[in-house]
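The next block holds one structure in the form of structure tokens; read it before the comments.
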């Protein structure tokens, strides 16, 4: 029973890691396509709107 729970947690971790890697690769491909097409401003700049 404990081995099954550990195996389930391991499989869920593998699926999560796979989804994270796939998303990262898709973002990198999108940015690379933008740069290779000659456009500027391909990577978004995050601006924080903190008020003092």
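Where a number appears in this text, it was derived from the coordinates with a stated rule and is not lab data. All of these numbers come straight from a predicted model, not from anything done at the bench. Neighbour counts are summed over all protein chains in view; Cβ atoms, including those assigned to glycine, are modelled from backbone coordinates with ideal geometry.
At a glance:
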| read-out | value |
| --- | --- |
| Cα-based Rg of the chain normalised by 2.2 N^0.38 Å, two decimals | 1.94 |
| Within the chain, helix-based [θ] at 222 nm, where runs of 4 or more DSSP H residues each add -39,500 (n - 2.57), nearest 500 | -24500 deg cm²/dmol |
| Degrees separating the helix 2-36 axis from the principal Cα axis of the chain, which is the longest one | 20 |
| Inter-site label distance for residue 35 and residue 6 at 7 Å from Cα along Cβ, in nm | 4.3 |
